[in-house]
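Below: the structure, in structure tokens.
What follows draws every value from the coordinates through simple rules; no lab data is involved. The shown structure was predicted, so the numbers you read here are calculated from the model rather than taken from an experiment. Heads up, the Cβs are rebuilt from the backbone with ideal geometry, glycines too, and the neighbour counts pull from every protein chain shown.
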Amino acid sequence: MAAIVLNKDNFEAEVLNSDVPVLVDFSASWCGPCQMIAPIIEEIADEAEGFKVGKVETSEEMDLALEYKVSSIPCLVVFKGGKEVKRSVGFIQKPEILELVK
Amino acid sequence: MFDVIIVGAGPAGLSAGIYTVRSGKSALILEGKSYGGQIINTPDIENYPGIKNISGFEFATGLYEQATSLGAEVKYEQAVSIEDKGDIKIVNTEQGSYECKAVILATGAKNRPLGIEKEKEFVGYGISYCATCDGAFYRNKDVAVVGGGNTAIEDALFLTNYCNKVYVIHRRDTFRADPKDVEKLKSKDNVEFVMNSTVEKILGESSVEGIEIKDKNTKETKNINVSGIFVAVGQEPDNQMFSDLVELDESGYIIAKEDCMTNVKGIYTAGDCRTKSVRQLTTAAADGAVAALAACAIID
């Protein structure tokens, strides 16, 4: 499954109320490292088992980014039971991303 | 066994890959992070001959696709040590070991940190090394840019478009940056220059709330409230793991001239990681070609 495009209208339903952990990629089109990580996030979304993957285009969803105190991107945040449990800032490779959601 | 192993998939390493495979030799490129190196943080490249304008991401991706489609292999493994067995070299990574006949070190350079407390901890919580990536999150806020080179001044200029106020903290009384950009920055009304000063402390509990700066001459300290600190104090090499293999200068750069040869036979170096006066995209690409052709020549 492709990564879910998240916005302020579906964030609660898709992320906060999700019964499985959610890996959220806060990114923006103007940011090079975000573009590097994007295909890896899609690959993980395709293969995800036991968790789901969403992405926030911060240029369109700045309120959402600020609400979750995102100030450097790419920023990967793992939500579990409606709460943030892990966060990683900057480009990382697939094994390290999978480690976050394990 | 590979003919040539290239450590680093930035512009120098990928260019070396292209020249190696086009010489009919096999190439393995090892990269610990992402391909492209520092250039992926650059939104607009406008000084690469033959290309009027391109983003760093597009440039890096084009270079990566060119190298891999020609037959260079890229593995995302961090090289940790190299054993010199004469005609054979062994490159050890965190995952495995690879043999080859020649090595090209193209490890690049990384952002130099301020090296003060809380800096690492607050990356993503107010500390940033990429103004173009993160500037938009500081709309209407007060921020500090630390540094006096081109990157610092370009970052400050960019941030004046978003931020309420931009403090430029520089340890000298003049800027190394392009005078035209400095003049442009001086004309902005939301910028304040804090010269002859260094950042001593990062203030804040869970994120950046301010900085303590010290005037070099008067030794006086004062606090400035900012919610973001953009660090642009230059680059530093990352060659310590090879310090027992090849000669480094006191800053950690691999010692080599324009021929890209190190003091060890069969080990070459290319790009920002070597001693050189001009570190640009074009010189990185040029080094890649020079190092690869030299390496291929000794294999024959």
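Rounded to the nearest 20 debye, the dipole magnitude of chain B is 520 debye, with +1 charges on Lys and Arg beta carbons, -1 on Asp and Glu beta carbons, and the Cα centre as origin. Lone cysteines in chain B, going by a 4.7 Å Cβ-Cβ cut-off? Taking the Cβ cut-off of 4.7 Å, the unpaired cysteines of chain B are B:CYS100, B:CYS163, B:CYS260, B:CYS273, B:CYS296. State whether the protein assembly as shown is rounded, prolate or oblate according to the following rule on the C-alpha gyration tensor (a ≥ b ≥ c being the square roots of its eigenvalues): a/c under 1.5 gives rounded; otherwise a/b larger than b/c gives prolate, and the remaining case gives oblate. Note, shape of the protein assembly as shown comes out oblate.
Full extension of the chain between B:ILE116 and B:ASP215 gives 34.0 nm of extra length, using 0.36 nm per residue less the Cα-Cα distance.
Summarising the strand pairing of chain B, around 45 percent of its internal DSSP beta bridges are antiparallel. Mean per-residue shielding of peptide A:24-32 is 5, counting Cβ atoms of other chains within 10 Å of each Cβ.
Amide H contacts of B:ILE6 (H built 1.01 Å from N, in plane; Pro and chain starts excluded): B:LEU28, B:ILE29, B:LEU30, B:ILE104 sit under 5 Å, all sequence-distant by 5 or more or on other chains.
Among the residues of B:31-38, the average count of other protein chain beta-carbon atoms within 10 Å of the residue beta-carbon is 3.
The Cα atoms of chain B define a convex hull whose projected area, averaged across directions, is 16.5 nm². Among B:ASN47, B:GLY32, B:PHE59, which residue has its Cα furthest toward the positive end of the charge dipole of region B:6-75, with +1 on Lys/Arg Cβ and -1 on Asp/Glu Cβ? Looking along the dipole axis, the top candidate is B:GLY32. Taking the Cα atoms of region A:4-101, the ratio Rg/Rh between the radius of gyration and the Kirkwood radius comes to 0.91. Peptides B:45-51, B:56-62, ordered by how many other C-beta atoms sit within 10 Å of their residues on average, highest first, read B:56-62, B:45-51.
Under the convention that each Lys and Arg Cβ holds +1 and each Asp and Glu Cβ holds -1, the size of the dipole of region B:9-58 around its Cα centre is about 260 debye. For chain B, the relative contact order is 21 percent, taking Cα pairs closer than 8 Å that sit 6 or more residues apart in sequence and dividing their mean separation by the residue count. Counting neighbouring beta carbons within 10 Å and listing from fewest to most, the residues B:LYS101, B:LYS186 come out as B:LYS186, B:LYS101. Each peptide in A:30-43, B:234-247 was scored by the mean count of other Cβ atoms within 10 Å over its residues; highest first, the order is A:30-43, B:234-247. Rounded to the nearest 500, the 222 nm mean residue ellipticity of chain A from helices alone is -8500 deg cm²/dmol, with -39,500 (n - 2.57) taken per DSSP H run of at least 4 residues. Amide H contacts under 5 Å for B:VAL226: B:GLY210, B:ILE211, restricted to partners 5 or more places along the chain or on a different chain, H placed in the peptide plane at 1.01 Å from N. Determine the dipole magnitude for region B:105-228: charges of +1 sit on the beta-carbon of Lys and Arg, -1 on that of Asp and Glu, nothing else is charged, the reference point is the Cα centre, and the result goes in debye to the nearest 20. Using only the charged Cβ atoms, the result is roughly 260 debye.
Per-residue mean of foreign Cβ neighbours for A:57-64 is 1 (Cβ atoms of other chains, 10 Å radius).
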